[in-house]
Amino acid sequence: MLLSKATGRHFAGIQGLAVAMVAGSVVTVPIALATTGSRLFGPHVLIAGLGIALLSSVAPYALEMTALRRTPAATFAILLALAPAVAAAAGFFILGQTMTIHDVFGIVAVICASIGAVCTPPGEPGGRQKA
């Protein structure tokens, strides 16, 4: 989150995101080529890959970078911790997916840990300040 905020400060718009996506592609494309061969360059695969990249990476990260520029890091951290709960609710209401009690406890634990980390003053563990 802090690196994303720094990237947002150093690059205008979503240029930092573009650099990160190119860097990620440089790492993953050779591995994909080694495992799939030339099938990776089929038109259907390329179109599907572009759609997946836009919907799963570019759009969410662009929105996150915009939000990081406009909100304090602590507020953004809490909102980001709510993401699993929102995803689970969407899965439940839109897709009809069910959640186990372990899923619910896991989501609650992530949210509580994030809120605790944001609300705890900096310093030693437990929030105690150094003398």
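Distances between placed amide hydrogens fall under 5 Å for Ile14 paired with no residue 5 or more residues away or on another chain.
Normalised by residue number, the volume inside the convex hull of the Cα atoms of the range 1-70 is 87 Å³ per residue. Panel note: the C-alpha atoms of the chain, placed on their principal axes, show extents of 61, 42, 27 Å (largest first).
Sequentially through the range 82-90, phi angles give Karplus couplings (6.51, -1.76, 1.60; θ = phi - 60°) of 7, 4, x, 5, 5, 5, 5, 5, 5 Hz, Gly and Pro residues having no value and appearing as x. Against the empirical curve 2.2 N^0.38 Å, the C-alpha radius of gyration of the range 36-89 lands at a ratio of 1.60. In this Cβ point-charge picture (+1 for Lys and Arg, -1 for Asp and Glu), the chain has a dipole of about 360 debye about its Cα centre.
Computed 3J(HN,Hα) for the range 66-77, one whole-Hz value per residue from the Karplus formula 6.51 cos²θ - 1.76 cosθ + 1.60 where θ = phi - 60°, is 5, 5, 4, 6, 9, 10, x, 4, 5, 5, 4, 4, glycine and proline marked x.
Read the figures in this text as sums done on the coordinates, not as results from a lab. Values in this document were obtained by computation on a predicted structure and should not be read as measured data. Neighbour counts are summed over all protein chains in view; Cβ atoms, including those assigned to glycine, are modelled from backbone coordinates with ideal geometry.
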